[in-house]
Amino acid sequence: MENKYNRLRNFHQAKWDEEVIFQLHNPGEKGIIVPEVEKEIQNEIGDGISEIPASMLRSEKPNLPEVGQMRVLKHFLRLSQQTLGADFNVDIGQGTCTVKYNPKINESFVRNPNESELHPMQDQSTCQGTLQILHEMGEFFKEISGMDRFSFQPSSGSHAILNMASIIRKFHEVNGEDGQRDEIITTIFSHPSDAAAAAVLGYKIITIHQEEDGLPSAEALRSVVSERTAGLFITNPEDTGIYNPNIIEFTKIVHDAGGLCGYDQANANGILGITRAKDAGFDMCFFNLHKTFSGPHGSGGPAAGVIGVTDRLKDFLAVPIVGKKEDGSFYLDYDLPNSIGKTRQFYGPIPVIVRAYAWIRSLGAEGLEEVANIAVLNNNYLLHKITKIRGAASPFPAGKHRIEQVRYTWDKMFKETGVGTYDVTLRLADFGFHMWSSHHPFIVPEPFTIEPTESYSKEELDEYIEALQRISDEAYSNPEIVKTAPHNSVIHKIDHSVSDDPKKWAISWRSYLKKHGN
Amino acid sequence: MKTIGLIINPIAGMGGAVGLKGTDGVDTLKKAIQLGAVPTSGEKTKSTLREILDKSLEFRLLTCAGTMGEEAVREVGIDPELIEMDSSNKISAQTSIDAAKQMMKKKVDLLLFAGGDGTARNIVEAVGNEIPVLGIPTGVKIQSSAFSINPRSAGRICTAFINNNKIEFREGEVIDLDEDQYRKGNISTRLFGYLKIPFLKEHVQRLKSGTPKTEKYTQEAIANDLAERMSDDTFYLVGPGSTTKALVDHFGLQGSLLGVDVITSKKVIANDVNYCQILKLIESSNRVELIITPIGGQGFIFGRGNQQFTPELLSNINKDQIHILSTIQKLTSLRGQPFLIDTGNEVVNTKLSGYYRVTTGYHQSTVYKAIC
Amino acid sequence: MKSENFVHPYIPNSVPEVKAKMLEEIGVENIEELYSDIPDQLRFKGKMKLPKALTSELALKQHMEKILSKNKSVNEYDSFLGGGVANHFVPAICDEVNGRSEFLTAYAGEPYEDHGRFQALYEYQSLMSEMLDFDVVNVPTYDWAQAAATSIRMAQRITKKDEILISELIGPDKLSAIYNYCQKSMKITLVKHDEVTGLLDMKDLKSKLHKDLAGIYFENPSYIGIIENQGKEISDLIHESEGLSIVGADPISLGILKPPSQYGADIACGDIQTLGNHLHYGGCLGGFISSRDEEKIVMEYPSRLFGITKTEVEGEWGFDDVAYDRTSFGVREKGKEFVGTANALYAITSAVYLSLMGPDGMHDIGRHLTQKSLYAKKILGKIQGLKIKFDTASFKEIVLDFNESGKTVQEINKALLNHNIFGGIDLLEKFSWLQNCALFCFTEMNSKEQIDHLASVLTEVLAN
């Protein structure tokens, strides 16, 4: 039996049974010493504290744990070992997240003091290097997207959508139509943030449902555009991995109605150098640097979402952008007459931008195209293999091939065995893998989304496939082993019952002590 | 400790195997038996019970004597408590109703019933939506959204219910065909009410995006949205369903769950009106609009469950006079299948087909296709 | 041109044999066929004009280091810059932990295989909650501006009111971001400050109070460094008018300054850059939000909140999202927000920082910063041509008024730059009423020698 799965590892994750940091408290231990101010200052000023208004003085020191330095280090290193980062696994199961290789050399650049020790308000003549990177990045993205100007203010993909919505708002305001245009249209397989971030600015959201083939129809779009249409936010390829061939018709319909079109390019990894936002008629687009452009995901950030616009929206971007003077020097340009203002403090998530810059420089134009080609090759290879696994399928006939990811379903297996997506996810942890289902709503039942990117070798993809194959075999022969998983992970099945109960949930250790004693 | 009630309609499903489109009525049953049908309902229920047994949980099981529960339960190795029933009576629709009423009296926490739409109809008549009920699909007609996907999944939901884990409730429509009409080739369905159905919260892998909403919350949000758009000089005909009823509730008014209510100027002027009353009202008003909701799992917007909207009436209504309300969950449950229209009049069907902007939340709508 | 057989180190399956095998498996002739759904008219036929690829790691390193060498860091220059981020000491273990591959490259696994990530973020929340003396802290959002904007929208949803008062003493960048985020759904009214003390103008506040306020947002210390000692009074007043008190605070001050919870705040927010994170040109921020553990407040957080729980195995800790379906109080959807990837890695870093510092460390750093800025006040206050603008207690930043010198801040900073000094932030760019004033920041990174040097250079510059 075991021979059948000869690629799978006899994996077990590190398990330290590590305490919560507060349990390591030992009065008197020190993690680090804060230097005292110089003797002369002490003589001159005294303790300083007496100068603080008594009403504002903290009466007791914060109740932090006291832990020696090595123990703190060990604690967090153990926690790190109890985390399955992309550097350790074939991280293709977190579909739509584009978890790819994050080159180590790029870490050295953001740990270089000439990058990390710059204050945002220091004189611009003293940060020409970073400004140059920002400026060149703008130029790179103009090539990648065809757009005419970029801003690096957005702190994430969702935040970039908020920036796009703000630009739409401002654009219609300038044209005296803001009151009237209060609807944003999106599609059901676009990222949910397209709707959510636009709603923050008070927009009404119209979602186009897909047709039986899996794609939204132009006819459906036509039925809802009007003088109330502010704009369209759409992903393409959609989260299903299907490229919408009618996209140019979509942007035309919206433009004819007087709206603007924003392209959510979170799923750009398979189309770099293949097709460009501007050519499809978009007025705006954004890219996630922490996805396609190789920023490490950092356990959930930092993220960055660069946003680009066409000429007519050039002056609407968030400020500042980085300009280049005739003498070749770079400067922060705040002179955008219709700017939506600031959407973030300072100039953008710099470390994420610097890493992405280095990644693009390493690959060049042909390298980026090869990234797309191989990402698509890998994806279709998986599609071919996974749909042969009993109980797995890829719904929707449209798109004979898929671009960079596929939304699959375990519906059949779930109906036949009771083993569904979440069970598989937990069982995969036993083999050292992740698997993510998909965004709500679950139009596709028991969904899972796989995005292999360009980073993983064929052997690694085969290993992942074999894990899926094995779990399917188990589901049909011995479902209990799947349903009681994980077996080789850090911990065992969690008691979720406290998490929705205000009397029991404990969002901090102090809260835990109050509610659960000991 | 939780108490689970179980009622098996032992004859459910017998008609189907021999092509009878249901087993309602004594004569039909006779015919089915003549045609060689054998009872399967109890057998199917056993796979539900095994799923629960596997988990070695603590619970009480209350069921009916003989083929209505006891036999199946004993066969999987559970010793059940039995409710008292008059054993002299033949098994009929009334037996299911009586049993369900007794179960409610005995305060079962969850009532499982095995059967089809006919049985669901009996259960809803007995207990309404007062206690959680879950249907084990063993009958011929399974159109009501009161059933689990298959008998085993009922077991899984029940297990989670006993464990107090990941359970939410939704309202499930009980729909049934008029079997006599159906056998003659005429489709005539009615909405008989709503049961309170437990379901497993789909496990949401937690990252990246917003959260799904509970059904009740969404219904409130939908009502808020529509209320903003309603005008005082229009007569609104509010169709059956809990999503539409939430709108009536929003105005603090008394609505009917299964009937058509008429609202104007934020007042209910008539409850549960029939076709003739509707026509009369329309004559006296400037503008009439319909507020309806699709039937969950099926997607009918006209022709099932709201026959008060006759083809005659609908021939005077245009698409822009129709507001469709639906929770996202309900739309999702259609798995991409379009809305269906079957008024019995081709011209009307065709006229009302096309895209609708369905209200799915506050300032949120989904464009969805209706076909005939 | 790219050779057919070139294989980039980041793209293993470029190997021609592998490619061929995979294509064969799929059943297509070439990769081009896989793009058949993209209409020809949308295919990009040209070549992206990007600089030549630096495929060797060495070449890339040389290129990057050359660009970065054009920067002058605060290690090289004496920096007196603050204004939201500041140069604080980062203990070595902070960088050791946030550089760990596991944390650096993890994303969205489950509480099982990513147990450590969940625990680290839970500990971040727990440590911050001690600093803030509140029971709830979120996984941080983008930055302080976003944290403040979200806190304001939370107040809007909790109170069901649409107007917010904001102290005019918050950074204009932040104010701009808040405006952008709250536009259309809220009315923003600014509250003036007292020109002599630099504190909030209570008279102006009182005149703007009414029952339709969602609350007030002010900062402590304020943008101009002053410790707002009327916090309790402000909170009381806003509570009387049935709004919420929202206070932004620099967490590194909370070892000695009262946390907002202790003077009536309902929600506190701020930025964690100062807790173990490097400057990165202002690109390394993280906005925290914190409050009491009340269901009606917790339910309005758009952020992820991790909670502690047990597992089926005795003695095992588990961590889980708390109240994932946070909807029950949001009937009015106007205020809906979104959640996405933000800054978890910086939160883990701050958790390490607070664990190392402990109660004494946080107290000591607070005292240290106070002493430094007091010393600077004393030394610089003696210089001809400049005045200390406000005679009110401040924390680590002070406003220098150069009006007497007849020089602009720009001129002064230019002169300081010649001495390898980054002078303070020109407040004219921030507040029109603070002409020829600059905000100087003093941290543990500024030695007495540096401050003395600044004093002597300033003396010279102002004298000329």
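The values are calculated or read from the model by the stated rules, or taken from the named source; none is laboratory data. Everything numeric here is computed off the predicted structure, so don't read it as measured data. Here the Cβ positions follow ideal geometry from the backbone for every residue, glycine too, while neighbour counts run over all protein chains shown. Protein only, heavy atoms only, side chains kept; ligands, DNA and RNA dropped before computing areas. Shrake-Rupley method; radii C 1.70, N 1.55, O 1.52, S 1.80 Å.
A few comments on the model shown:
- Test: residue in the range A:122-137 that is more than 7 Å from every other protein chain (Cβ to nearest Cβ), assigned to a helix (DSSP H, G or I), within 19 Å of the chain's Cα centre (by Cα) and closer than 28 Å to residue C:95 by Cβ: no
- Residue list for the range B:304-327, filter: in contact (Cβ under 8 Å) with a residue 60 or more places away in the chain and buried (at least 22 other Cβ atoms within 10 Å of the Cβ): B:304, B:305, B:306, B:309, B:323, B:325, B:326, B:327
- Residue A:207 vs. criteria without any contact (Cβ under 8 Å) to a residue 24 or more places away in the chain and buried (at least 24 other Cβ atoms within 10 Å of the Cβ): yes
- Residues that are within 22 Å of residue A:295 (Cα to Cα), surrounded by fewer than 23 Cβ atoms within 10 Å (Cβ to Cβ) and outside the structural domain of residue C:288 (by TED's automatic domain parsing) do occur in the range C:39-48, at least one of them.
- Failed item in (1) surrounded by fewer than 14 Cβ atoms within 10 Å (Cβ to Cβ); (2) assigned to a helix (DSSP H, G or I), with residue C:33 passing the rest: (1)
- Filtered by the rule that a residue be away from chain C (no Cβ under 14 Å), of a type in the set (Val, Ile, Thr) and within 17 Å of residue A:220 (Cβ to Cβ), the range B:342-372 gives B:358, B:366, B:367, B:371.
- Qualifying residue in the range A:366-384 (condition: under 30 Å from residue C:285 (Cβ atoms), surrounded by fewer than 22 Cβ atoms within 10 Å (Cβ to Cβ), of a type in the set (A, V, I, L, M, F, W, C) and touching an Asp or Glu at 6+ places or on another chain (Cβ under 8 Å)): no
- Selection of the range B:342-352 for residues being in contact with a Phe, Trp or Tyr (Cβ under 9 Å, 6 or more places away or on another chain) and open to solvent by 10 Å² or more (accessible area, probe 1.4 Å) yields B:342, B:343.
- Subset of the range C:243-265 [touching a residue at least 40 places away in the same chain (Cβ under 8 Å), over 17 Å from residue C:361 (Cα atoms) and open to solvent by 10 Å² or more (accessible area, probe 1.4 Å)]: C:244, C:261, C:262
- Residue list for the range A:389-418, filter: among the polar types (S, T, N, Q), in a loop (DSSP other than H, G, I, E, B) and open to solvent by 10 Å² or more (accessible area, probe 1.4 Å): A:394
- Residue list for the range C:401-424, filter: assigned to a helix (DSSP H, G or I) and open to solvent by 40 Å² or more (accessible area, probe 1.4 Å): C:403, C:404, C:410, C:411, C:414, C:418
- Listed by position, the helices (runs of 4 or more DSSP H) inside the range C:47-154 whose residues that are out of contact with any Leu (no Cβ under 6 Å at 6 or more places or on another chain) and more than 7 Å from chain A (Cβ to nearest Cβ) number at least 1 are C:57-68, C:92-98, C:115-132.
- Some residue of the range A:89-102 being aromatic (Phe, Trp, Tyr), facing another protein chain (nearest Cβ under 7 Å) and closer than 21 Å to residue C:355 by Cβ: no
- Selection status of residue A:298, within 13 Å of another protein chain (Cβ to nearest Cβ), in contact with a helix residue (DSSP H, G or I) (Cβ under 8 Å, 6 or more places away or on another chain), at positive phi and free of Cβ contacts under 8 Å to residues at least 40 places away in the same chain: yes
- Test: residue C:427 is under 15 Å from residue C:381 (Cβ atoms), crowded, with 17+ Cβ neighbours inside 10 Å and in contact (Cβ under 8 Å) with a residue 60 or more places away in the chain: no
- Some residue of the range A:445-468 being within 30 Å of residue A:82 (Cβ to Cβ), open to solvent by 10 Å² or more (accessible area, probe 1.4 Å) and among the β-branched types (Val, Ile, Thr): yes
- Verdict on residue A:109 being at the interface with chain C (Cβ under 7 Å from one of its Cβ atoms), over 20 Å from residue C:345 (Cα atoms) and part of a helix (DSSP H, G or I): no
- Breaking point among (1) at pLDDT 90 or above; (2) surrounded by fewer than 24 Cβ atoms within 10 Å (Cβ to Cβ); (3) not polar (S, T, N, Q), for residue A:212: (1)
- The number of residues in the range A:225-250 being open to solvent by 10 Å² or more (accessible area, probe 1.4 Å) and within 14 Å of chain B (Cβ to nearest Cβ) comes to 3.
So that you can scan it fast, the table gives a plain yes or no per residue for (1) on the phi > 0 side of the Ramachandran plot; (2) touching a Leu at 6+ places or on another chain (Cβ under 8 Å); (3) modelled with pLDDT of 80 or more:
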{"position": "B:124", "(1), (2), (3)": "no, yes, yes"}
{"position": "B:127", "(1), (2), (3)": "no, yes, yes"}
{"position": "B:182", "(1), (2), (3)": "no, no, no"}
{"position": "B:193", "(1), (2), (3)": "yes, yes, yes"}
{"position": "B:203", "(1), (2), (3)": "no, no, no"}
{"position": "B:221", "(1), (2), (3)": "no, no, yes"}
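- Of all residues in the range A:335-373, those satisfying the criterion of being polar (S, T, N, Q), at the interface with chain C (Cβ under 7 Å from one of its Cβ atoms) and part of a loop (DSSP other than H, G, I, E, B) are A:343, A:345.
- Number of residues in the range C:186-198 that are touching an Asp or Glu at 6+ places or on another chain (Cβ under 6 Å) and either assigned to a loop (DSSP other than H, G, I, E, B) or surrounded by fewer than 18 Cβ atoms within 10 Å (Cβ to Cβ) (or both) equals 5.
- Candidates A:315, A:279, A:283, A:311, filtered to the one that is surrounded by 24 or more Cβ atoms within 10 Å (Cβ to Cβ) and of a type in the set (Asp, Glu): A:283
- Scanning the range B:18-48 for residues that are farther than 23 Å from residue B:149 by Cα and in a loop (DSSP other than H, G, I, E, B) turns up B:25, B:35, B:36, B:37.
- Number of positions in the range A:44-77 that are facing chain C (nearest Cβ under 7 Å), surrounded by fewer than 21 Cβ atoms within 10 Å (Cβ to Cβ), in contact (Cβ under 8 Å) with a residue 12 or more places away in the chain and part of a helix (DSSP H, G or I): 1
- Residue within the range C:379-387 that is closer than 26 Å to residue A:39 by Cβ and open to solvent by less than 20 Å² (accessible area, probe 1.4 Å) present: yes
- Applying the criterion of being free of Cβ contacts under 8 Å to residues at least 60 places away in the same chain and outside any loop (DSSP other than H, G, I, E, B) to the residues of the range C:430-464, the residue that is farthest from the chain's Cα centre (by Cα) is C:460.
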